[in-house]
Amino acid sequence: MDIPNLKHLSDFDNVLVVDKTGKTIFYDLADLHILKKLGQKPEEFLGKNITSFYKNLTLENSTIMNVLRTGEALCEVEQQMITKTGSAFVSKSSTYPIKQDKTVIGAIEFSKHFFTKEDIQFLDQYAGHKIYRKNNTIYTIDDIVTVNPQMMTVKKRIEKVAKTDSTVLIYGQTGTGKEVVAQSIHNLSERFGKPFISFNCGAIPASLMESTLFGTTKGSFTGSEDMPGLFEQAEGGTLFLDEINSLDMNLQVKLLKAIEEKTIRRIGGKKNIQLDIRVLSATNEDPDILVDEKRLRQDLFFRLGVVQINLPKLSVRTDDIEVLLQYYVNFYTNNMNIFVEGMTEEALECFKRYSWPGNIRELKNAVENAFNNVSSTLITIDDIPDRIKNYSGKEARVNVSHAKMLSLKDTVESYEKSIIMNELNETNGKIAETARRLGLSKQSLKYKLDKYQLR
């Protein structure tokens, strides 16, 4: 085997060796995700003809098969490859014959793969390797999939506010895509090269919240170390605080001061630290109600919500259900090594009829569930979750004659109480499941249960 100009081969990531018939006998890949895109497991890749992995590769146009046939090397060749699972990428390769006594007995190919723009939509697949971004994000505005006029307006607003440094408060039920919106704003802004730090304020105990946000100084308490908080970690970039209403009132005061003055002091610290960050926040409950119920300070609300973006529930953007389904079918086809083209009309109608209390996140999970059950290239009604398949559309309703006797506030509360009671009965009193169905945090649901004396 004669390979001239060996130096240029250092540009390639992958090595593939085939026998004289084109069957793989050795490979060394920089990223095993390539095998996933080919729909193969590592042990299944060997012993198969190279053309069997691709839709558009034939004995005539394959670089390897041409080299086996002619005995002549092909260098720096670019080809678009379409896998059997429907993924596409561009391959740049140099291929050389392996000869014994002037007889071609095999071939070796050195290659590098470049993924097409369309493949970037599958960001979750690459996030662990930081292929797409090195700023802690996996989403851009292209991941907001919609044909709905209201959501199209939201996307335009995101593009506008991304150009400024104003605080943004994102309001939407659980699963409506608040994190996607926040990351989209960051990646469209001038701060995209700096960190995006995301934190759920309801995820840790209140006793640890202050040190988590503002950091600690060694010796300030037993076992403490010099530790930067989330504000410092986001320096130059964006700090996204989800479930902002979970913060207790004392911490809300300190948060307001930090945002107003763009200065923090670590616990036990003796000096102020100046910051250059943008703060985004989110809540899954109506901010006006949070302020009225004294769970969110009004001054903090005004500071956080210089710009407010409201995300609609999936149940009011039903025109997006079909496009979202196809998006996630494509996503899981590329991530689960299962080729699915779509779903039957009967299954599609169930998805359209369902109320989606968990919004887009629930829809995504339902598609993943179907992929674990599917036995053909189409998702059928038997593959989808029972709650979607059996959904009747019946909802809790307030007695109209009774409602006429109540004020608007009392009517709304009566309606809310009846919905919560209905979901509690459906889940046999399970708090976590009820909260998920209602699109609430467990903390918010517990508050409402106490408010309406339901426990």
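Quick note: the coordinates plus some simple rules give every number you see, no bench work behind them. Because the structure is a prediction, the values reported are computed rather than measured. Cβ placement follows ideal geometry from the backbone for every residue including glycine, while neighbour counts extend to all protein chains displayed.
Thr216 sits among other residues whose Cβ lies under 10 Å from its own Cβ, and their net charge, with Lys and Arg +1 and Asp and Glu -1, is -1. Sequentially through the range 141-148, phi angles give Karplus couplings (6.51, -1.76, 1.60; θ = phi - 60°) of 5, 5, 7, 8, 8, 6, 10, 6 Hz, Gly and Pro residues having no value and appearing as x.
Using the Cα centre of the range 314-389 as origin and beta-carbon charges of +1 (Lys, Arg) and -1 (Asp, Glu), tell me which of Gly358, Leu324, Phe339 is placed farthest towards the positive end of the dipole. Of the listed residues, the answer is Gly358.
Per-residue Karplus couplings for the range 336-346, computed as 6.51 cos²θ - 1.76 cosθ + 1.60 with θ equal to phi - 60°, are listed in order as 10, 6, 10, 8, 10, 8, x, 9, 5, 4, 5 Hz, Gly and Pro entered as x. Please report the net charge: other residues with Cβ closer than 15 Å to the Cβ of Asp382, K and R +1, D and E -1. Spelling it out: positives minus negatives among the neighbours equals -3.
The three principal axes of the C-alpha atoms in the range 191-319 carry coordinate ranges of 55, 36, 24 Å, sorted with the longest axis first.
The loop-placed trypsin sites (Lys or Arg not before Pro) in the range 141-185, going by DSSP, that have at most 15 neighbouring Cβ atoms within 10 Å of their Cβ come out as Lys163.
So which aspartates and glutamates can Lys55 reach, going by Cα to Cα under 13 Å and dropping same-chain residues fewer than 8 places off? Of all the aspartates and glutamates, none pass the test against Lys55 - Cα under 13 Å, at least 8 places apart if same chain. Along the chain, counting only GluC sites (Glu not before Pro) with a DSSP assignment other than H, G, I, E or B and at most 15 other Cβ atoms inside a 10 Å radius, the longest segment between sites is 73-189. For the chain, build the charge dipole from Cβ charges (+1 Lys, Arg; -1 Asp, Glu) around the Cα centre, then report which of Ala370, Phe89, Gly193 sits farthest towards its positive end. Toward the positive end, the furthest listed residue is Gly193. For Met81, the residues whose modelled amide H falls within less than 5 Å of its own, excluding neighbours fewer than 5 places apart on the same chain, are Phe89, Val90, Ser91. So what does the Cα-only Debye profile of the chain read at q = 0.05 Å⁻¹, as log10 I(q)/I(0), no solvent term? Result of the Debye calculation: -0.27. The angle between the Cα long axis of helix 249-261 and the main principal axis of the chain comes to about 60°, on a 0 to 90 degree scale. The trypsin sites (Lys or Arg not before Pro) of the range 63-97 that DSSP puts in a loop, and whose beta carbon has at most 16 other beta carbons within 10 Å, are Lys84. Under a 5 Å amide H cut-off, with hydrogens placed 1.01 Å from N, Ile277 pairs with Gly236 among residues at least 5 apart or on other chains. Contact order for the chain, expressed relative to its length and based on alpha carbon pairs under 8 Å spaced 6+ residues apart, stands at 13 percent. Note down the net charge around Met227, summing +1 for each Lys or Arg and -1 for each Asp or Glu among other residues with Cβ under 14 Å from its Cβ. Local charge sum for Met227: -1. Roughly what % antiparallel, to the nearest 5, for the DSSP beta bridges in the chain? Percent antiparallel among DSSP bridges in the chain is about 65.
Our summary gives the range 172-230 a relative contact order of 20 percent, counting only alpha carbon pairs under 8 angstrom and 6 or more residues apart.
Its Cα centre serving as origin, the range 172-278 has a Cβ charge dipole (Lys and Arg +1, Asp and Glu -1) of approximately 280 debye.
Placing +1 on each Lys and Arg Cβ and -1 on each Asp and Glu Cβ, with no other charges, gives the range 121-310 a dipole about its Cα centre of roughly 560 debye.
For Ser198, the residues whose amide H sits under 5 Å from its own are Phe240, ignoring neighbours fewer than 5 places away on the same chain, with H placed 1.01 Å from N.
Computed from label points 7 Å out along Cα-Cβ, the spacing between Glu416 and Lys451 is 0.3 nm. Across the range 233-239, rounded Karplus estimates of 3J(HN,Hα) from the backbone phi angles (6.51 cos²θ - 1.76 cosθ + 1.60, θ = phi - 60°) give 5, 8, 3, x, x, 10, 10 Hz, Gly and Pro being marked x.
Considering only alpha-carbon pairs that sit under 8 angstrom and 6 or more positions apart, the relative contact order computed for the range 158-315 is 35 percent. Computed from Cα positions, the angle between helix 321-335 and the longest principal axis of the chain comes to roughly 50 degrees. For the cross-link pairs Lys156/Lys442; Lys156/Lys364; Lys389/Lys451; Lys294/Lys417, the ones whose C-alpha atoms lie over 26 Å apart are Lys156/Lys442; Lys389/Lys451.
Taking a straight line from the alpha carbon of Lys257, these aspartates and glutamates sit under 18 Å away, with near neighbours fewer than eight places off in the same chain left out: Asp165, Glu210, Glu232, Glu235, Asp248, Asp276, Asp299.
Could you tell me which of rounded, prolate or oblate describes the range 314-389, using a ≥ b ≥ c as the square roots of the eigenvalues of the alpha-carbon gyration tensor, with rounded for a/c under 1.5 and, failing that, prolate when a/b is larger than b/c and oblate otherwise? Cα axes put the range 314-389 in the prolate bin.
Computed about its Cα centre, the charge dipole of the chain is approximately 1000 debye, with only Lys, Arg, Asp and Glu carrying charge at their Cβ. Among the trypsin sites (Lys or Arg not before Pro) in the range 273-304, those located in a DSSP loop and surrounded by at most 16 other Cβ atoms within 10 Å of their own Cβ are Lys294. Put in line by how crowded their Cβ is, counting other Cβ atoms within 10 Å and starting with the fewest, Ser94, Ser392 read Ser392, Ser94.
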